[in-house]
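> One structure coming up, written as structure tokens, with questions to follow.
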Amino acid sequence: RSRSSAAAASAEERERRQLAEAQLAAERAARLAAIAELESNSQRLLELAGAGAGAGADGCLRALEEQIRAAAELAARQRAEIDTLRAHADNMQREACSAREAARQTEARLAEAEREAGEMQDFLAAETGALTDSLRDAEAEVARLSAELDRR
């Protein structure tokens, strides 16, 4: 039973870890996309700044600045989420190690109990044999003494 519960705990831990890793991968991909967009916007901003200030350049610069600010906020949120997911994954790893150690200790105690039970069975079998031999000897002695008494 302990093996099946240990296996179930291990499978559950593996599933939680895979979910955390998938979330982490999604966050990384989103962060990389935000960084790429930020770099692209920065490049466009540099191109606009180099092209001079036209009538629409002011509005375009403001829009780019807003996109840069939004991308920086997104990157900060994603970094915080990644840190949270990493902490969660670390906790799950510690819990899994603890569960594996508890299962190992339980299996060791079970093996010790089974060994002791085997020794007890061997001891009881030997004692039963010795008592059977003693009873047989006593019955033979009683029969001998009874026969001797009958002869007298």
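> Using +1 at the Cβ of each Lys and Arg and -1 at the Cβ of each Asp and Glu in the range 2-110, identify which of 22, 64, 48 lies farthest towards the dipole's positive end.
Projecting each Cα onto the dipole axis, the largest value belongs to 22.
> I'd like the projected area of the chain, averaged over all directions, using the convex hull of its alpha carbons. Report it in nm² with one decimal. Mind showing how you got there, number by number?
Working: hull surface 48.9 nm².
Computing the convex hull of the Cα atoms and averaging its projections yields 12.2 nm².
> Let me ask something else. Label-point separation (nm) for residue 40 and residue 114, each offset 7 Å from Cα along Cα-to-Cβ?
6.2
> Give the order of 42, 134 when sorted by the count of other beta carbons within 10 angstrom, beginning with the fewest.
Ranked by crowding around the Cβ, least crowded first: 134, 42.
> Okay, moving on. Within a 10 angstrom radius of the beta carbon, how do 132, 84 rank from fewest other beta carbons to most?
Arranged by neighbour count, lowest to highest, 132, 84 become 132, 84.
> Obtain the nm distance between the two label points defined at residue 7 and residue 29 by a simple spin-label model: each point lies 7 Å from its Cα along the Cα-to-C-beta direction.
In this crude label model, residue 7 to residue 29 measures out at 3.3 nm.
> Just from its helices, what would the mean residue ellipticity at 222 nm be for the chain, if runs of 4 or more DSSP H residues each count -39500 (n - 2.57) and the sum is divided by every residue, rounded to the nearest 500 deg cm²/dmol? List each step's numbers first, then the result.
Numbers: 2 runs with 145 residues, N = 152.
The helix contribution divided over the chain gives -36500 deg cm²/dmol.
> Roughly how far apart, in whole Å, are the Cα centres of the range 60-98 and the range 4-31?
Cα centres, the range 60-98 to the range 4-31: 18 Å.
> Can you tell me the length gained on complete extension of the stretch residue 86 to residue 104, counting 0.36 nm per residue apart and subtracting the Cα distance? All intermediate terms of the calculation are to be shown ahead of the outcome.
Working: separation 18, 0.36 × 18 = 6.48 nm, distance 2.67 nm.
3.8 nm is the gain from fully extending residue 86 to residue 104.
> With unit charges on the beta carbon (Lys/Arg positive, Asp/Glu negative), name the residue among 8, 106, 92 whose Cα is farthest towards the positive pole of the charge dipole of the range 2-110.
106
Only the coordinates and a few stated rules stand behind these numbers; no lab work does. In this text, all values refer to a predicted model and were calculated from it rather than measured experimentally. Cβ coordinates were reconstructed from backbone atoms using ideal geometry, including for glycine residues, and neighbour counts include every protein chain displayed.
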